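Student: This structure is in structure tokens; I'll ask about it shortly.
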Amino acid sequence: MTNTTPLLSVRDLHVSFKTNDGIVKAVDGVSFDVANGQTMGIVGESGSGKSVMVSAIMRLNFGTDVIVSGQILLNGIDLLALPESEMRQVRGRDIAMIFQDPLSALNPFYTVGYQVAEAYLVHHPKTSKAQVEAIVLNALDKVGIPDARKRMKSYPHEFSGGMRQRIVIAMALINQPKLLIADEPTTALDVTVQAQILELIDSLREENNSAVMLITHDLGVVAETIQQVMVMYAGRTAEYATVQDLFDTPSHPYTQGLLRAVRSFDQSTRGSLVSISGTPPSLINLPEACAFRPRCSQEMGPQSACATQRPELRTIGASQSACHLSADEVSRVQREAFSK
Amino acid sequence: MTPILEVRDVKKYFPSGSSRVLQRPTGQVKAVDGVSLSLQKGKTLGVVGESGCGKSTLARVLTRLIEPSSGSIFLEGEDVTRISGSELRRMRRDIQIIFQDPYSSLNPRHSVGEIIATPLRIQKTVAKSEEVGRVKELMHLVGLNPEHFNRYPHEFSGGQRQRVGIARSLALNPKVIVADEPVSALDVSIQSQILNLMQDLQTKLQVAFVFIAHDLSVVRHIADDVAVMYLGKIVELGPANIVYGHPTHPYTKALMSAVPVANPVSGRKIGRIVLTGDVPSPIDPPSGCRFRTRCWKAQDICASNEPELLDRGDGRVSACHFPELEA
């Protein structure tokens, strides 16, 4: 991490929901930094708290049954302490978001040109009509909508999934935000289109020197587009590392399991696939100790720290990992399973 | 050997649009447009392609959930394209389906025991008194706790629900199971569990799978043969290791290179072919070769002549005027 103030700094963030069955701790004490121009990835299975966390950064899920604590500092200003009127200025201008499903992110009753223009006008209300049109046209051109002048008068249903996602990206980038949050931007798209969209996001990031937070469950996408990765499990950080270190020397047993599962796909043999036994835990009444323990292959027994203490993030090898295993033990597993 | 399942030149056109005045459809969506396949006992045929290429329509035609517009389907050499009534019901014992979404394909008001027993009741293959026993046996087979037969789908996780779907499809000892994206709704760590289960069951029960997926690595792992579809047609078909090892159709090649590799060193964009544009509309597919609008090798002949599926000499066929043959 750098010495200068990071663009975004999240400190001990907790997000919980009150439900009839108890309190769901969706995000349970997460901290990280994102620097200008950096691409950070957040990986985890469904229900690991990825989306809740990024919605909290945008303050999108603050109903009456939600409890949020911690700090979200954007250039040193705590977003959680801002009044709603000021938060509105931040959304779209400083931080923009791309959602998973481009169809439900667009309003079916308005033309795409109108919707992209609206995103601009919210923050620049005194712009003339001709100017806005030029800006929208330029934005649609940049994301590769062919024949943008004509297409801006079309409605969302007249576009394919990939084209819709491009429109959503145009909308997100029109105010040149410092931080772009992309929540599973390619999950709903085909692989050939996924490749196009990822390249587009990356080239636009370079152009604007904005930071990107990419949420995904696909480790392949992570390997290709990201510098820093955070692996989440049950609302907590399991591991935090550079992409190279994460793939070469994964420290947390969960990360190791995920990588083994993915790599056994890439081998052409028809042997048995490696899987992580069991299923992710319920987030209601999570144990204070390690949340991964029931599925962990290296769990040290019911009397050990695994069952009694919550593992804190600490440096193991090249990564930060939340695991009680000793560094020697971790490097032994790495040598056995991940040496090249 | 007679293939367990064979389809010849199957087509499925859906009417689309309608003229207000004439009250009849103005166009046709050619969802499946002349597909021929065959599948041997106990083997797996993978079908891959992007969304909208007709994979799921093919799955539904194979199982006779929808009627093909033309062509024929043979089950163990017997033509089952036009059968109906009790004959069709008997055929359903032999060919079953697993659906993509384990949430919407199980009735939330029925216990999993009832869900798995339904095929047994409809087909009356098992006496009422033995029903519970058979259900428990099936649950055990797919790795569910048989004591949970009274529970409801919402009490199970996604992976467990998909196991219920698999148990239901196995209830009648079918010879062929069509699995339409059976793991795409599941997390990676759970996907492997389900794929391992399907492979074990295949070894044990000698059931043949038609495995439909958009995920190429999943298909590579489970399939003996693989068919690549584009806009309702097969563009390449052959043994999985040959097709994956050296794709001859440009589309197959592009599709494979687009898959992100979970390795930051070797993965980064080496020889990546990024296709431009989207899949054209199946209402009005391009003339000649359907892939030509996105193909970097397209020439005049591609627009005028439709390429035939030609044997490439290694047990695989592909439809391209300029195939990537080995030098």
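The values are calculated or read from the model by the stated rules, or taken from the named source; none is laboratory data. Computed from a prediction, not measured in an experiment: that's the story for all the values here. Here the Cβ positions follow ideal geometry from the backbone for every residue, glycine too, while neighbour counts run over all protein chains shown.
Student: Which of the residues spanning the range A:174-216 are within 14 Å of chain B (Cβ to nearest Cβ), farther than 23 Å from A:LEU60 by Cα and in contact (Cβ under 8 Å) with a residue 60 or more places away in the chain?
Tutor: Of everything in the range A:174-216, just one residue is within 14 Å of chain B (Cβ to nearest Cβ), farther than 23 Å from A:LEU60 by Cα and in contact (Cβ under 8 Å) with a residue 60 or more places away in the chain, namely A:ASP202.
Student: Can you go through B:THR248, B:THR203 and tell me which one is over 20 Å from B:GLU50 (Cα atoms), more than 9 Å from chain A (Cβ to nearest Cβ) and of a type in the set (Ser, Thr, Tyr)?
Tutor: Within the list B:THR248, B:THR203, the selection yields B:THR203.
Results for (1) at pLDDT below 85; (2) part of a strand (DSSP E or B); (3) touching a Pro at 6+ places or on another chain (Cβ under 9 Å), shown as yes or no for each residue.
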position: A:HIS157; (1), (2), (3): no, no, yes
position: A:MET163; (1), (2), (3): no, no, yes
position: A:ILE167; (1), (2), (3): no, no, yes
position: A:ALA172; (1), (2), (3): no, no, no
position: A:ASN175; (1), (2), (3): no, no, no
position: A:LEU180; (1), (2), (3): no, yes, no
position: A:THR187; (1), (2), (3): yes, no, no
position: A:VAL193; (1), (2), (3): yes, no, no
position: A:LEU198; (1), (2), (3): no, no, yes
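Student: Moving on to the next point. For A:ASP94, work out the one condition from (1) away from chain B (no Cβ under 14 Å); (2) farther than 30 Å from A:PRO6 by Cα it doesn't fulfil.
Tutor: (2)
Student: Out of the residues in the range B:153-165 that are away from chain A (no Cβ under 12 Å) and in contact with a helix residue (DSSP H, G or I) (Cβ under 7 Å, 6 or more places away or on another chain), which is modelled with the lowest pLDDT?
Tutor: The qualifying residue modelled with the lowest pLDDT is B:PRO153.
Student: Filter the range B:256-282 for residues that are under 27 Å from B:GLN28 (Cα atoms) and at the interface with chain A (Cβ under 7 Å from one of its Cβ atoms); which is modelled with the lowest pLDDT?
Tutor: Across the range B:256-282, the extreme among qualifying residues is B:ASP278.
Student: So which residues in the range B:182-194 are within 16 Å of B:LYS55 (Cβ to Cβ), within 13 Å of chain A (Cβ to nearest Cβ) and out of contact with any Asp or Glu (no Cβ under 7 Å at 6 or more places or on another chain)?
Tutor: Result: B:VAL183, single match.
Student: Pick out the one residue from B:LEU138, B:LEU144, B:LEU170 that is surrounded by 19 or more Cβ atoms within 10 Å (Cβ to Cβ), in contact with a Lys or Arg (Cβ under 7 Å, 6 or more places away or on another chain) and farther than 22 Å from B:LEU216 by Cα.
Tutor: Of the residues listed, the single one that is surrounded by 19 or more Cβ atoms within 10 Å (Cβ to Cβ), in contact with a Lys or Arg (Cβ under 7 Å, 6 or more places away or on another chain) and farther than 22 Å from B:LEU216 by Cα is B:LEU144.
Student: Here's a follow-up. Can you go through A:SER282, A:SER297, A:SER319 and tell me which one is among the hydroxyl-bearing types (Ser, Thr, Tyr) and within 26 Å of A:GLN227 (Cβ to Cβ)?
Tutor: A:SER319
Student: Taking the range B:279-307, which residues are of a type in the set (Val, Ile, Thr) and within 24 Å of the chain's Cα centre (by Cα)?
Tutor: B:VAL279, B:ILE283
Student: Here is a follow-up. Please specify each residue of the range B:154-168 satisfying the condition of being among the hydrophobic types (A, V, I, L, M, F, W, C) and assigned to a helix (DSSP H, G or I).
Tutor: Answer for the range B:154-168, where residues must be among the hydrophobic types (A, V, I, L, M, F, W, C) and assigned to a helix (DSSP H, G or I): B:VAL164, B:ILE166, B:ALA167.
Student: Okay, moving on. Select from the range B:42-67 the residues that are of a type outside the set (A, V, I, L, M), farther than 24 Å from B:SER318 by Cα and over 12 Å from the mean Cα position of the chain (by Cα) and list them in ascending order.
Tutor: B:GLY42, B:ARG64, B:GLU67, listed by residue number.
Student: Here is a further query. I need the full set of residues from the range A:243-254 which are surrounded by fewer than 24 Cβ atoms within 10 Å (Cβ to Cβ), more than 9 Å from chain B (Cβ to nearest Cβ) and touching a helix residue (DSSP H, G or I) at 6+ places or on another chain (Cβ under 9 Å), in order please.
Tutor: Within the range A:243-254, just A:THR249 meets the criteria.
Student: Being of a type in the set (A, V, I, L, M), out of contact with any Ser or Thr (no Cβ under 7 Å at 6 or more places or on another chain) and modelled with pLDDT of 85 or more is the filter here, so list the residues in the range A:246-305 that pass it.
Tutor: Within the range A:246-305, A:LEU259, A:ALA291, A:MET300, A:ALA305 meet the criteria.
Student: Could you list, in sequence order, all residues of the range B:47-91 that are out of contact with any strand residue (DSSP E or B) (no Cβ under 7 Å at 6 or more places or on another chain) and surrounded by 18 or more Cβ atoms within 10 Å (Cβ to Cβ)?
Tutor: Within the range B:47-91, B:GLU50, B:GLY52, B:ARG60, B:ARG64 qualify.
Student: State all residues of the range B:101-129 that are outside any loop (DSSP other than H, G, I, E, B), hydroxyl-bearing (Ser, Thr, Tyr) and under 27 Å from the mean Cα position of the chain (by Cα); if no residue qualifies, say none.
Tutor: B:THR118
Results for (1) without any contact (Cβ under 8 Å) to a residue 60 or more places away in the chain; (2) in a strand (DSSP E or B); (3) not charged (D, E, K, R), shown as yes or no for each residue.
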| position | (1), (2), (3) |
| --- | --- |
| B:PRO182 | no, no, yes |
| B:ALA185 | no, no, yes |
| B:ILE190 | yes, no, yes |
| B:LEU195 | yes, no, yes |
| B:ASP200 | yes, no, no |
| B:VAL219 | no, no, yes |
| B:GLU236 | no, yes, no |
| B:THR252 | no, no, yes |
| B:VAL261 | yes, no, yes |
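Student: Being assigned to a strand (DSSP E or B) and more than 16 Å from A:VAL229 (Cα to Cα) narrows it down to one residue among A:GLY70, A:GLY41, A:GLY47; which is it?
Tutor: So the residue among A:GLY70, A:GLY41, A:GLY47 that is assigned to a strand (DSSP E or B) and more than 16 Å from A:VAL229 (Cα to Cα) is A:GLY70.
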